[in-house]
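Visitor: After the structure tokens below, expect a handful of questions from me.
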Amino acid sequence: MSAAVRAGWRIGAAAAALRGRAGRPLSQATGEGGGAEGGGGSGSREAVERLVREHPVVVFMKGSPAQPLCGFSNAVVQILRLHGVEDYRAHDVLQDPDLRQGIKNYSNWPTIPQVYLNGEFVGGCDILLQMHQNGDLVEELKKLGIRSALLDAEKDQEKK
Ligand SMILES: N[C@@H](CCC(=O)N[C@@H](CS)C(=O)NCC(=O)O)C(=O)O
Ligand code: FES
């Protein structure tokens with residue numbers, strides 16, 4: 001196990017705190033969220049909840065994994081790629097203004113990208129980068145039954 005992964009164990013509590021920061025959704029109280037609420041539209045709490053539960057890894061971003069249209073969204077795609085995570089659900093908020101607002105209401109987080117693991121909001125690109133650096137991402141992926149490709153890369157290094 002690498003130092004980074006070991007460190008991840010120690011800093012596990014930090015990631016939990018970061019996740020805690022996401023809190024619960026703003027709830028139905030955000031009724032007037034720029035037309036993104038109510039009526040079962042794509043930005044409604046119910047619609048967003050369905051989306052985040054649709055796949056173990058769900059990303060709300062600008063553009064697509066094949067063609068990110070913002071550096072922050074691109075960073076998330078690249079970090080996931082480093083870990084060999086290519087199988088995830090991505091939603092392009094530039095295609096859907098209601099979803100763009102609705103996801104912010106849902107997570108109580110003001111920016112895109114947003115990453116959800118097992119239906120739980122994890123963070124944006126800064127948090128994902130931090131979790132990548134401190135080993136927490138490897139651990140969180142493990143909980144989803146996903147083995148990070150970085151662990152195998154590490155093993156190859158050890159053999160050399
Ligand atoms: N520090 C943020 C960077 C993301 C960010 O600042 N996103 C901005 C510019 S792409 C945003 O979503 N603004 C609101 C919007 O475009 O709806 C993170 O960690 O994810
Ligand atoms: S679209 Fe301008 S910073 Fe993301």
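Derivation of every value follows stated rules applied to the coordinates shown; laboratory data play no part. Everything quoted here is computed from the prediction, not taken from an experiment. Here the Cβ is made from the backbone with ideal geometry for all residues, glycine too, and neighbour counts use every protein chain on show.
Visitor: A149: among the aliphatic types (A, V, I, L, M) and either farther than 21 Å from H55 by Cβ or under 10 Å from the mean Cα position of the chain (by Cα) (or both), yes or no?
Guide: No.
Visitor: Where the second residue is near ligand 1 (Cβ under 6 Å from one of its atoms) and in a helix (DSSP H, G or I) and the first is within 18 Å of D98 (Cβ to Cβ) and lies in region 110-132, which pairs have Cβ atoms under 8 Å and are six or more apart or on separate chains?
Guide: T111/F72; I112/F72; I112/R100; P113/F72; P113/C125
Visitor: Do you know which of the residues in region 126-138 that are within 16 Å of ligand 2 (Cβ to nearest atom) and either of a type in the set (D, E) or closer than 19 Å to H55 by Cα (or both) is surrounded by the fewest Cβ atoms within 10 Å (Cβ to Cβ)?
Guide: The selected residue is D126.
Visitor: Look through region 86-105, keep the residues that are crowded, with 20+ Cβ neighbours inside 10 Å and closer than 29 Å to R147 by Cβ, and return whichever of them is nearest to ligand 2 (Cβ to nearest atom).
Guide: If we take residues in region 86-105 being crowded, with 20+ Cβ neighbours inside 10 Å and closer than 29 Å to R147 by Cβ, then D92 is nearest to ligand 2 (Cβ to nearest atom).
Visitor: Mind checking which pairs have a first residue in region 52-76 that is basic (K, R) and a second that is surrounded by 21 or more Cβ atoms within 10 Å (Cβ to Cβ) and part of a helix (DSSP H, G or I), Cβ under 6 Å, 6 or more apart or different chains?
Guide: From region 52-76, the pairs are K62/S73.
Visitor: Among the candidates L117, L141, single out the residue that is under 20 Å from R45 (Cβ atoms) and either more than 16 Å from ligand 2 (Cβ to nearest atom) or of a type in the set (S, T, N, Q) (or both).
Guide: So the residue among L117, L141 that is under 20 Å from R45 (Cβ atoms) and either more than 16 Å from ligand 2 (Cβ to nearest atom) or of a type in the set (S, T, N, Q) (or both) is L117.
Visitor: Just give me the residues in region 114-146 being of a type in the set (V, I, T) and within 15 Å of M61 (Cα to Cα), in sequence order.
Guide: Listed by number, the residues that qualify are V115, V122, I127.
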